[in-house]
Amino acid sequence: METVRQVARPVELSVNGQRRTLFVTDNTLLLDVLRDQLGLAGPKEGCGVSACGTCTVLLDGEPVSACLTLVAQLEPNQNILTIEGLSHGGEPDPVQVAFIEESAFQCGYCTPGMIMAVKGLLKENPSPTDAEIRDYLMGNYCRCGAHTDIIRAVHRAAEIIRHNPA
Amino acid sequence: MAIPAFRMHHPKSVKEACRILADLGEDAVPVAGGTALLILMKAGLAAPTHLVNLYGLTELRGLQYDPKVGLRIGAVCTHRSVERHPAVQAHYPMLAETHRRIANVRVRNRATVGGNLAHGDYRLDPPAPLVALDARLKLYGPDGEREIPLAEFFRGYYEVDKGAGEILTEILVPPPAENSRGTYVKFVGNAAADWPILGVAALLRTAKNGQVDDLRIVLSCVAATPLKVSGLDKLTYGRQLSPDCIASVAEAAATQAGPIEDARGSTWYKREMIRVHVRRALEQLSGGSGG
């Protein structure tokens, strides 16, 4: 079998509203670019196989696993949003506020991914039921077991957004 | 987790993708969402030196419904696009429900229908309901285009009828028959997103008086390829789906399956679960309570 010489190529990405030109090899994962090249440590490696959700980021508003997304397959006009891009003018996002108010975490490792998943959920379903929240977040694991508080936080976030429409 | 080095090719058309694949032979693999392939590569189970990116090919996108022709799903449509499509929800509720239950939302946002089928894993959800619906596939390769029934596409564990340089381009589902309804029962034991122990796709067409015209049951997770239960006509045609009738169908399914054992169940256990979940699927279709 032939060996492949890795060549870094320039790619254009839009991350948290900023256009970036980066040099990456074809086998580079989005998670590694975010953490190692852009210093965005919110998304984290958990399972590495898109099961646990700690690396959740939004791609054009939809949750995806950065650990299983090749940068080479992204289009320059696609927008990547990480937890670092959520706040507006220094003010935390309603989902972040709700997580703090409900203490919806313990160790915090799953929190950035969890919050990004909740952003995806509330965008398509502004008033989810408990069952709908459980169903949508079933792929975001919290090993501390903060799920009950997380579900409360989602309801509170939905309420905050309802009272302060963008 | 690092992925072994490879070179990514970005063809501009299906034709070009097919030519690259044919030229490079077995060192090259087509990739769409990558959710299956990249896991294999991370685990060291696959190390292709060339990947051919099909994700950006607009020819392979798009989902159309025509009441006369049926549903056409471009091979790189994501599971999410199928699950949320109004025409799929309206005319193929079983298909929408099946896609909604694949893995988790992040996987469904990237993984594609064509990639799912071409992966050939016996535990995947879409094959059973699509086989029950008589879906067909279009493939494009060095010898041109061909169309085959999906049921004939599956050959064995991770083995599908797709030649060197061939690309799966479309999934075609005939229009739903009148008075037909289907359900997909996914039986999962551990975490919600774990591989299922068993999948049951049941598709029922009834006459005006409620008698069975046609009943199809296709099982996943019990054999190397989706298993279509045979001989159901003899047990059900012209009858009501009574508890006795349902029990006879569940028995036939359990007997025919001779299920393979895997990490999620022994042969004995899977056979018992087939009996239970085929019954539940049919109770659901006949308007019963299930349970």
*Specify the residue that is farthest from B:Ala22 (Cα to Cα); the eligible residues are those in the stretch B:124-140 that are in contact with a Gly (Cβ under 8 Å, 6 or more places away or on another chain) and in a loop (DSSP other than H, G, I, E, B).*
B:Leu133
*asked:* If a residue must be among the charged types (D, E, K, R) and surrounded by fewer than 23 Cβ atoms within 10 Å (Cβ to Cβ), how many such residues does the stretch B:102-131 contain?
replied: 2
*Is there a residue being within 26 Å of A:Gly120 (Cβ to Cβ), without any contact (Cβ under 8 Å) to a residue 12 or more places away in the chain and surrounded by 24 or more Cβ atoms within 10 Å (Cβ to Cβ) anywhere in the stretch B:57-66?*
no
*Please name all residue pairs, on different chains or six or more residues apart, with Cβ atoms under 9 Å, provided the first residue is in the stretch B:145-156 and is farther than 14 Å from B:Ala118 by Cα and the second residue is assigned to a helix (DSSP H, G or I) and of a type in the set (Val, Ile, Thr).*
none
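Can you give me the ranges of the strands (runs of 3 or more DSSP E) entirely in the stretch A:24-102 with at least 3 residues that are surrounded by 20 or more Cβ atoms within 10 Å (Cβ to Cβ), under 13 Å from the mean Cα position of the chain (by Cα) and within 8 Å of another protein chain (Cβ to nearest Cβ)?
Strands (runs of 3 or more DSSP E) meeting the threshold: A:62-65.
If the requirement is being out of contact with any Asp or Glu (no Cβ under 9 Å at 6 or more places or on another chain) and within 30 Å of A:Cys52 (Cα to Cα), which of these qualifies: B:Leu227, B:Leu219?
Numbers: B:Leu227 fails: within 30 Å of A:Cys52 (Cα to Cα).
Criteria check complete, one pass: B:Leu219.
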*Could you tell me whether any residue of the stretch B:14-23 is within 9 Å of chain A (Cβ to nearest Cβ) and of a type outside the set (Ser, Thr, Tyr)?*
no
*How many of the residues in the stretch B:81-99 are crowded, with 21+ Cβ neighbours inside 10 Å and under 18 Å from B:Gly33 (Cα atoms)?*
2
*asked:* Given the criterion touching a residue at least 24 places away in the same chain (Cβ under 8 Å) and surrounded by 22 or more Cβ atoms within 10 Å (Cβ to Cβ), identify the matching residue among B:Ile217, B:Ile260.
replied: B:Ile217
*Counting only residues that are more than 18 Å from the chain's Cα centre (by Cα), within 28 Å of B:Leu241 (Cβ to Cβ) and free of Cβ contacts under 8 Å to residues at least 12 places away in the same chain, how many does the stretch B:179-211 have?*
1
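Here, each number is a calculation from the coordinates, and none is a lab measurement. What you are looking at is a predicted structure, and each value in this text was computed from that prediction instead of being measured. Note: ideal-geometry Cβ built from the backbone for every residue, glycine included; neighbour counts use all protein chains shown.
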